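*Asks:* One structure is given below, represented as structure tokens, and several questions about it will come after.
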Amino acid sequence: MTKIAMRPIIPRVRAPLRISMYLRFVRYLLWEFRWPLGVFTSLVLGGGWVLHTFYGREGLRFAQACHAVFLMIFLESSLDFPDEWYLQPLFFLFPIVGLGAIADSVIRLAFLVFNRKQNLPEWNRMLASLCRNHFVVVGVGKVGYQVIRGLNELRESIVAIEMAAGAPFLGELFDRGIPVIQGNARMASVLEQAGVRQSRSVIVTTSDDLTNLDVAITARELNPGAKIVLRLFDETLATKVAGAFAMPAISTSQVAAPAFIAAATGRKVYQPFQLAGQEVHLTDIVVCATGRLVGRTVGEIQADKRINVVMHQDPRTGTVNVNPDPEITLAPDDTILVIAPMEPLLALEAMNIAAAGAGHAPAEAVGRG
């Protein structure tokens, strides 16, 4: 069994269903059932006041009169039929109007339950309306699905937008309870249904550059404070958009190029990302038995301030150390996870294989990363 020795870390956990969401759900139900609830309440209170004021057979307190109307709605009257001609029609109208309001509520509730079971658009719009400070992901293709999975693992609140009703990943999103708004995200009304005005960030991942740019600009107009991230195939366009609109634009070709280069040269696939305006890479290195990394400590490797060892695995004990101590000495077949710019990574790789004589086999290029 692998043992993981970690320094104390307090993770930030977001409960998917917080009290505020429950309160918003109650508020939604009250708004959805406002007419039947209003009719029923007015009938009980208004009818109780009429009986309290005009019913002549016995003196009724207001509470007693309201209770009598409540029972009368369910065809169980506690009062005798009145002698006053102007009260007699009310004893017939109270049950008819009251039962009509109850029947309307039952139908609405059944329709809401049916929408939930069938994942109909009405139910998804209702779920989306409950979200606040959430992520809106436009496009549930392969890229969008991976983005949603990553955010879901971080326990973030997510609303997806997809135009194609038969998209292959929709079923799994429904199973995860993630609302999906079906429609053209280039329309402001569709973005509003997804709660863009209340969102924290909008991530646009469709395969069409023009659509992504249009959606990003519309989302910025609806919510100037939200962080807009869009996917673009054209690297030149991505650079211009990032500069002109202050929107992070991810160029698919730029992201894919390092993977192709690493695979072609027989190296492991490096994962690049930006840190403080500098491009750094994440990769794992297996210590070669004849390389110059054997016998060195983690602290000696990190003497180059550009290199940071974030994890160390000892295959003999199965122990994984996150943020390993500088005193740990590297041994053959140990694995270290390193973050650094490309130049010091190449130097570190050269130290690992210089005495071995041969580079990594091409198969390793797809076996890691």
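The values are calculated or read from the model by the stated rules, or taken from the named source; none is laboratory data. What you are looking at is a predicted structure, and each value in this text was computed from that prediction instead of being measured. Virtual Cβ from ideal backbone geometry, glycine too; neighbours counted across all protein chains shown.
Here is a yes/no grid of residues against (1) surrounded by 14 or more Cβ atoms within 10 Å (Cβ to Cβ); (2) at pLDDT 85 or above; (3) touching a His at 6+ places or on another chain (Cβ under 9 Å); (4) over 22 Å from residue 38 (Cα atoms):
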| residue | (1), (2), (3), (4) |
| --- | --- |
| 90 | yes, yes, no, no |
| 119 | yes, no, no, yes |
| 123 | yes, no, no, yes |
| 135 | yes, yes, no, yes |
| 143 | yes, yes, no, yes |
| 150 | no, yes, no, yes |
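*Asks:* Could you tell me which of the residues 310, 320, 338 is in a strand (DSSP E or B), surrounded by fewer than 16 Cβ atoms within 10 Å (Cβ to Cβ) and modelled with pLDDT of 85 or more?
*Replies:* 310
*Asks:* Now for a different question. Taking residue 209 and the conditions (1) in contact with a Phe, Trp or Tyr (Cβ under 6 Å, 6 or more places away or on another chain); (2) farther than 18 Å from residue 247 by Cβ, which numbered condition does it fall short on, given that it satisfies the others?
*Replies:* Among (1) in contact with a Phe, Trp or Tyr (Cβ under 6 Å, 6 or more places away or on another chain); (2) farther than 18 Å from residue 247 by Cβ, residue 209 violates only (2).
*Asks:* Same structure again: With the structure loaded, tell me whether residue 178 is under 30 Å from residue 340 (Cβ atoms), at pLDDT 80 or above, in the same structural domain as residue 140 (by TED's automatic domain parsing) and surrounded by 16 or more Cβ atoms within 10 Å (Cβ to Cβ) or whether it fails that test.
*Replies:* In short, no.
*Asks:* In addition: State which residue pairs qualify: first residue exposed (fewer than 15 other Cβ atoms within 10 Å of the Cβ) and inside segment 202-224, second residue modelled with pLDDT under 90 in any location, beta carbons under 7 Å apart, and separation of 6 or more residues or different chains.
*Replies:* 207/141
*Asks:* Give the residues of segment 150-159 that are within 14 Å of residue 133 (Cα to Cα) and free of Cβ contacts under 8 Å to residues at least 24 places away in the same chain, sorted by residue number.
*Replies:* 151
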